[in-house]
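Derivation of every value follows stated rules applied to the coordinates shown; laboratory data play no part. Remember, it's a predicted structure, so these values are computed and weren't measured experimentally. When we count neighbours, we look across all protein chains shown, and the Cβ atoms used for this are built from the backbone with ideal geometry, even at glycine.
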Amino acid sequence: MAKFELKLPKMGESVAEATITNWLKEVGDRIEMDEAVLEIATDKVDSEVPSEVAGILVEKLFGKDDLVQVGQTIAIIETEAGNVEVKAETAKVEEVKQEIIAAVVKTVEVAKETVAVPQNFADSDKFFSPLVKNIAKEEGVSVSELESISGSGKEGRVTKEDILKFVGLRQAHSDKKVEIPNQSVSQPITQNSEQTTQNSQPKTHNPQPISVNGGDEIIEMDRMRKLIAGYMVASVQTSAHVQSFIEVDVTNIVKWREKVKVAFEKREGEKLTFTPIFMEAVAKALKDYPGLNISVDGDYIIKKKNINLGMAAALPNGNLIVPVIKNADQLNLVGMAKAVNDLGNRAKNGKLKPDDTQGGTYTVTNVGTFGSVFGTPIINQPQVGILALGAIRKVPAVIETPEGDFIGIRQKMFLSHSYDHRVVDGALGGSFVKRVADYLEAFDVNREY
């Protein structure tokens, strides 16, 4: 018999950790190859971890609600073949400690020499807030140093206080033994799952809803809502939000969709909604105005090669998620419809993979779904723009013809463009949303899909 280490797999770009939400197997259970063993949640989506081998689950190294890093061993499976053993000797613990300390000492020794070199945080799999990044650049804290800090924030993230404490101690002890605040070495598994779970991150007590004044109720936010709240506040504090609005006549689009939607679904096996039509126009406009297809990292602007459109979607529980259509500018309308429907359905059913929400370069949100005429959406960091699609309404409008002007009924909607005024001026932000409107109003009613 041999033992196999089931590790938390890499789950996509920039995903470095996950929280265990549920164990699907118990110790002693038989597991088949590719069978799901546990459920996890990242800061974006929920997912399952399958087994790479067939065997018996003999040990769970983490408990429910524990935070696990990518690459960490989460369970031991006993197999009948192979020769994979769990490395848990006490001597290894000291060896790992010494290696980490030596690496940190070396990093600190060269830190001053790298102060003037622009930091490339894209090389790190960990999430750091813009404020922490800016402090790191100003104080000459390298990416490797930043990664070595054990943060005191939510899910171990480095806070402003953590990095300032690190900088202070580094200066005070630059000629002495290096001390890293809040630094701890993760212990390899030495005994049983019960002990390991106890040594993992402390559990947060979740208070039960309580009644206030006999009627009100206090309910703690769930994990995703807390994350969303943090992202929204951080975005407003990071970007200088400004908005441009434009009204668009989409009568031709409404007529064309009504004419072809039945045949489209019969031929392609996909429903044709307005969303892929709008996404197609946004992708075209981004090619015309690549200054919106960028991100900001401190004092640096990163021009994105690919156009990856985020599509904000509401979940059944009321939370929000943003799956991404990769290389949206390379899709025709049929391909766009398939991508929109696939991501939308999997979002509603909780079947998105972590990589489905990564790599977005610009985001579109449809506030018209809930009847809103327009909105002022918050930018999805580190992007610099987000477009809100308002509800399509029948309104009286002035129609210009060679014979003169007259009043008629038209289908119209508002586009609301929020953009980061640090790097996008009004001329660019306004021109972009005007180009989207031009593409929509010039829609060909005789178009073949």
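Beyond 20 Å in Cα-Cα separation lie the following of the pairs 25/64; 348/434; 261/326; 137/304; 284/338; 284/305: 348/434; 261/326; 137/304. Across the alpha-carbon set of the range 245-354, the Rg to Rh ratio works out to 1.01, Rh being the Kirkwood radius. Arranged from fewest to most other beta-carbon atoms within 10 Å of their beta carbon, 146, 131 become 131, 146. Placing a label point 7 Å from the Cα of residue 345 along the Cα-to-Cβ line, the residues of the range 281-317 whose backbone N sits under 20 Å from it are 311-317. Separation of the range 392-449 from the range 214-275 is 18 Å, based on Cα centroids.
Between residue 80 and residue 320, what FRET efficiency comes out of the Förster formula 1/(1 + (r/R0)^6) with R0 = 45 Å and r the beta carbon distance, rounded to 0.05?
After rounding to 0.05, the efficiency reads 0.45.
Taking other Cβ atoms within 10 Å as a rough exposure proxy, 438, 444, 66 sort from fewest to most as 444, 438, 66. A simple spin-label model places pseudo-atoms 7 Å from Cα toward Cβ; at residue 270 and residue 48 they are separated by 2.6 nm.
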